[in-house]
Amino acid sequence: MEHHYFALNKPQKVISQFIRFQKGKKRMLGDLYDFPAGTMAVGRLDENSEGLLLLTTNGKESNRISTGGVEKEYYAQVDGDISEASIQQMQEGVEIGIKGVRYMTKPCKVRKLTEDPGFDPPVKKIRGEHHGPTSWVSIIIKEGKFRQVRKMTGAVGNGTLRLVRIRIGDIMLGSLKSGEVKVLDFFKT
């Protein structure tokens, strides 16, 4: 069987699934592109997160990336001017809740970005400048717990305002526009 591989720049307000479990008019992955039967998302991005999402018809490859310790890099716009102490805390691991159970995140790479990454404006306005400063951080993790990056930034007092995944393994978001799909030969992570 020949498998198919895709990279998608998932826009905000799109659910990372194909099957509608609830009634409503929310946009789904199948609304963005005519994916072949059996296509699945490799991991997920919550409805308000955006950026790189890999999709495939190859379940073994999906499982390898999801459970194999592959790096995922996110750019998070956070509330406030994040401190070096907060960055250090996230690097060493912070306690977050997963399904009502306390969980200590694994050590990861975190750095403050010196410039705005220049993404297109978000679908939903973040907030006005009169609410105080914001800053951008790069967070690289190998795990992927439910809403992990948002919970990590919240745990250090700098809640996430915008979250964009820019890399999975060696696959980069690059110049892929919001909602755009790129057909890949295979996943090289």
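The values are calculated or read from the model by the stated rules, or taken from the named source; none is laboratory data. Note that the structure is predicted; figures quoted are calculated from it, not measured. A quick note on method: Cβ atoms are made from the backbone with ideal geometry, for glycine too, and the neighbour counts reach across all protein chains shown.
Among the residues of this structure, Ser86 counts as one that is touching a strand residue (DSSP E or B) at 6+ places or on another chain (Cβ under 9 Å), surrounded by 16 or more Cβ atoms within 10 Å (Cβ to Cβ) and in the same structural domain as Leu163 (by TED's automatic domain parsing). Considering the conditions (1) surrounded by fewer than 19 Cβ atoms within 10 Å (Cβ to Cβ); (2) under 13 Å from Ile141 (Cβ atoms); (3) at pLDDT 95 or above; (4) of a type outside the set (Phe, Trp, Tyr), Lys72 is excluded by exactly one of them, (1).
Within 23 Å of Leu173 (Cα to Cα), of a type in the set (A, V, I, L, M, F, W, C) and not in a loop (DSSP other than H, G, I, E, B) - does that describe any residue in the range 92-101? Before you say what the answer is, go through the steps one by one.
In the first step, residues of the range 92-101 are kept if they are within 23 Å of Leu173 (Cα to Cα); the result is none.
For the range 92-101, residues within 23 Å of Leu173 (Cα to Cα), of a type in the set (A, V, I, L, M, F, W, C) and not in a loop (DSSP other than H, G, I, E, B): absent.
Among the candidates Arg150, Arg111, which residue alone is outside the structural domain of Leu52 (by TED's automatic domain parsing), of a type in the set (Lys, Arg), assigned to a helix (DSSP H, G or I) and farther than 30 Å from Glu2 by Cβ? Outline the logic, then answer.
On the way: Arg111 fails: assigned to a helix (DSSP H, G or I).
Of Arg150, Arg111, the one residue that is outside the structural domain of Leu52 (by TED's automatic domain parsing), of a type in the set (Lys, Arg), assigned to a helix (DSSP H, G or I) and farther than 30 Å from Glu2 by Cβ is Arg150.
On the given criteria, is Asp81 over 18 Å from the mean Cα position of the chain (by Cα) and assigned to a loop (DSSP other than H, G, I, E, B)?
Values: over 18 Å from the mean Cα position of the chain (by Cα): yes; assigned to a loop (DSSP other than H, G, I, E, B): yes.
So Asp81 passes the test.
Just so you know, in the range 44-62 the residues that are part of a helix (DSSP H, G or I) and more than 17 Å from the chain's Cα centre (by Cα) include one that is surrounded by the fewest Cβ atoms within 10 Å (Cβ to Cβ), and it is Lys60.
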